[in-house]
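Before any comments, here is the structure.
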Amino acid sequence: MNRNLLICVLLVLGTNGYSAVRASSQATKKLKITAYTTSRDTNRRLTPTPVGNFKEVKQLVERDTFVFVNSQNEFQTFMGFGGALTDAAAETFAKLPATKQAEFLTAYYSRDKGIGYTMARTNINSCDFSSSTYTYVADGDSMLRSFNIAPDKRFKIPFIRKAIEAAGGNLNLFVSPWSPPAWMKDNNNMLQGGMLLEKYKQTWANYFVKFIKSYQALGIPVWGLTVQNEPMARQRWESCIFTATDERDFIKNHLGPTLHANGLADKKIIGWDHNRDLMFQRAATLLNDPEAAKYIWGIGFHWYETWTGGGMQFENLKKVTEAFPATNLIFTEGCIEKFNPDRLTDWALGEKYGMSIINDLNNGTVAWTDWNVLLDETGGPNHVGNFCFAPIHADTKTGELIYTNIYYYLGQFSKFIQPGAKRIGCTANRDKLLTTAFKNPNGELVVVVMNSSDSTMNYHLWVNNSASLIQSEAHSIATFIIN
């Protein structure tokens, strides 16, 4: 703009006019876009994909399809993606040849060559994805003098160390119990539910401290912990029932004070760690009590809606966020159950992940952690036959790795959305497209668009009054990096 003309404009419009001229200039700034696509009916898997340049759009056309991105409105800060480093994953990893172990670690934990995981979870005592039931103490040892994490030292601890190293030392690990030792429970059984006996609640809080300090003594930092895996589920595997008030009182009277008294006040306590269906009631019970709430970092949740018939219940995440905006939401577990080798190439596996991740992120989730990072060709090992899918399976007979499309769908998010990213406004005007968007710490925008329909769709990706025409193939997911 001619300098004299600009001065005249400013004299007429005043400083507000200058702001409008400047904003207009910024809005029409040339945007650069790159894309990566995973698509069912092609060989594209996180593959760089050509896209058209952005062009200024002065008027929207109602009949057109748009994905709108509003980078001015920011929401939660995101921590990262990850998966569980269980006994099953560790034992399967140990059976792989060294070259495949290295490939596996790169695939998950390298951001350049893999999908850049920064979160992890592991089990305290055994879980269903262990080859046997075990604890770290002798029966009846309420003073925990016999406490020893020897069961973890053969497979799990070496595996976790390698994962941390592959992640460049930056892996936020949280730990979860499936059950206290049998002698601490009213059913005298680690399996089939049961409840923690009142007389052992302090012992159980001390057990957490022993576990965390034992791991940290071996060079494995623990970032956080959940109070109880699936506290309302009586399972044929390791399980323990905590009602909402039980969990509240255990946190405020035992677990929280005990962590603080032992120099572990920085460990993030995560409540609930169960399905979305009851999470609002659990969150309200825990967080409306100031003495419990002061210890709680966040509310964890799973996706196993088929147990209750309640559906995916994403609205419950929104309600918790609205009621308790200072509390973090973290997806702590999800997988496709009932392993069947014939389904390893089933595209619906990854699409469930994509649908869940987008909705979870859009409703306030700050971290997303998958279940087992690796399982064998049977969907195990699992000591109760509860075989499931993982993003990567290993054929332990041939030493080969099998990448399901779950891995690639996860990667469309985890490879590009950086820790510290802020979610920004993003929506589509057609319900066949699911979308979310983030602004990374370096200022780049990351937009993920998923099309699970049977139809190819053309749409305009709209950012700051500019749009790029995109073709979305049937059953595909694409990530756009915009600078």
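The values are calculated or read from the model by the stated rules, or taken from the named source; none is laboratory data. As the structure is a computational prediction, the values presented were derived from the model and not from experiment. So basically every Cβ, Gly included, is an ideal-geometry build from the backbone, and we count neighbours across all protein chains shown.
Within the stretch 183-198, if we keep just the residues that are surrounded by fewer than 21 Cβ atoms within 10 Å (Cβ to Cβ) and free of Cβ contacts under 8 Å to residues at least 40 places away in the same chain, the residue that is farthest from HIS383 (Cα to Cα) turns out to be GLU198. Screening PHE250 against (1) part of a loop (DSSP other than H, G, I, E, B); (2) in contact with a helix residue (DSSP H, G or I) (Cβ under 8 Å, 6 or more places away or on another chain); (3) closer than 26 Å to TYR304 by Cα leaves a single unmet condition, (1). Between GLY443, GLY385, the distinction of being free of Cβ contacts under 8 Å to residues at least 12 places away in the same chain and at positive phi belongs to GLY385 only.
In the set (1) within 22 Å of the chain's Cα centre (by Cα); (2) outside the structural domain of GLU91 (by TED's automatic domain parsing); (3) crowded, with 23+ Cβ neighbours inside 10 Å; (4) touching a residue at least 40 places away in the same chain (Cβ under 8 Å), the condition left unmet by LEU461 is number (1). Those strands (runs of 3 or more DSSP E) of the stretch 376-449 in which at least 2 residues are in the same structural domain as THR345 (by TED's automatic domain parsing) and within 30 Å of ASN340 (Cβ to Cβ), considering only elements entirely within it, cover 392-395, 400-403.
Of the candidates PRO221, PRO231, the single residue that is under 21 Å from PHE147 (Cα atoms) and within 21 Å of the chain's Cα centre (by Cα) is PRO221. Is it true that some residue in the stretch 306-324 is of a type outside the set (Lys, Arg) and under 26 Å from ILE220 (Cα atoms)? Checked against the condition, which is being of a type outside the set (Lys, Arg) and under 26 Å from ILE220 (Cα atoms), the stretch 306-324 yields no hits at all.
Of the residues making up the stretch 398-407, those that are surrounded by fewer than 23 Cβ atoms within 10 Å (Cβ to Cβ) and touching a strand residue (DSSP E or B) at 6+ places or on another chain (Cβ under 9 Å) are GLU400, LEU401, ILE402, TYR403, THR404. Does the stretch 140-160 include one or more residues that are in contact with a strand residue (DSSP E or B) (Cβ under 7 Å, 6 or more places away or on another chain) and either outside the structural domain of TYR215 (by TED's automatic domain parsing) or part of a loop (DSSP other than H, G, I, E, B) (or both)? No, because not a single residue in the stretch 140-160 is in contact with a strand residue (DSSP E or B) (Cβ under 7 Å, 6 or more places away or on another chain) and either outside the structural domain of TYR215 (by TED's automatic domain parsing) or part of a loop (DSSP other than H, G, I, E, B) (or both). Is it true that some residue in the stretch 419-435 is touching a helix residue (DSSP H, G or I) at 6+ places or on another chain (Cβ under 9 Å), closer than 26 Å to LEU85 by Cβ and buried (at least 21 other Cβ atoms within 10 Å of the Cβ)? No, the conditions are met nowhere in the stretch 419-435.
The selection criterion, being assigned by TED's automatic domain parsing to the domain that holds TRP347, surrounded by fewer than 19 Cβ atoms within 10 Å (Cβ to Cβ) and charged (D, E, K, R), holds for GLU103.
Scan the stretch 167-182 for residues that are under 26 Å from the mean Cα position of the chain (by Cα) and crowded, with 20+ Cβ neighbours inside 10 Å and the total you get is 11. Being buried (at least 20 other Cβ atoms within 10 Å of the Cβ) and under 22 Å from ASP139 (Cα atoms): is that true of LEU225 here? Answer is no for this residue.
For SER356, the criteria (1) hydroxyl-bearing (Ser, Thr, Tyr); (2) touching a residue at least 60 places away in the same chain (Cβ under 8 Å); (3) in a helix (DSSP H, G or I) hold in every case but one, which is (2).
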